[in-house]
Amino acid sequence: GSGAMPKASAGAGGDEARRRRTPDQREQDLEEFRKMLARGKASKAKSASPSGSTGSMLWEKLVLLFIVMVCLYIGSPFFRTTVKRAFSMAIYGQIFDAELDLDEEGEIQPDF
């Protein structure tokens, strides 16, 4: 009993989907589709403001740059030392080499 119901409903839907259209109906459907696409493009153009999208793109780029800089700082002893020296020079006007830890984690130290 229950197996016959889906077959019957699928057959009815399949007959409608397989129905052949005349060239006039096909042209009419294509024209409706073109109009729908044109309306969609027009509404997207109106809704997207150029200044808003540019601002969000700049914000995303700055966030990505910050993430890259943090990863470089964490992963590279040379970059870490360079950043420390640059901030020392920018803030104090001189480089304090004695305070910088030049023996970074990645270097192999000889045994004495």
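Pull out the extension gain between Ser56 and Lys41, defined as 0.36 nm times the separation in residues minus the alpha carbon to alpha carbon distance; nm, one decimal.
On the way: separation 15, 0.36 × 15 = 5.40 nm, distance 2.12 nm.
My answer for the length gained is 3.3 nm.
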Check your understanding: Given R₀ = 41 Å, FRET efficiency for Asp24-Val63 by Cβ-Cβ distance, to 0.05?
Key -> 0.15
Point to revise | 3J(HN,Hα) from dihedral phi, the range 27-39, Karplus parametrisation 6.51/-1.76/1.60, rounded to Hz, x for glycine, proline | key: 4, 5, 5, 5, 5, 5, 5, 4, 5, 5, 5, 5, 5
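Read-outs throughout are calculated quantities, based only on the coordinates presented, and are distinct from any laboratory measurement. Remember, it's a predicted structure, so these values are computed and weren't measured experimentally. Cβ coordinates were reconstructed from backbone atoms using ideal geometry, including for glycine residues, and neighbour counts include every protein chain displayed.
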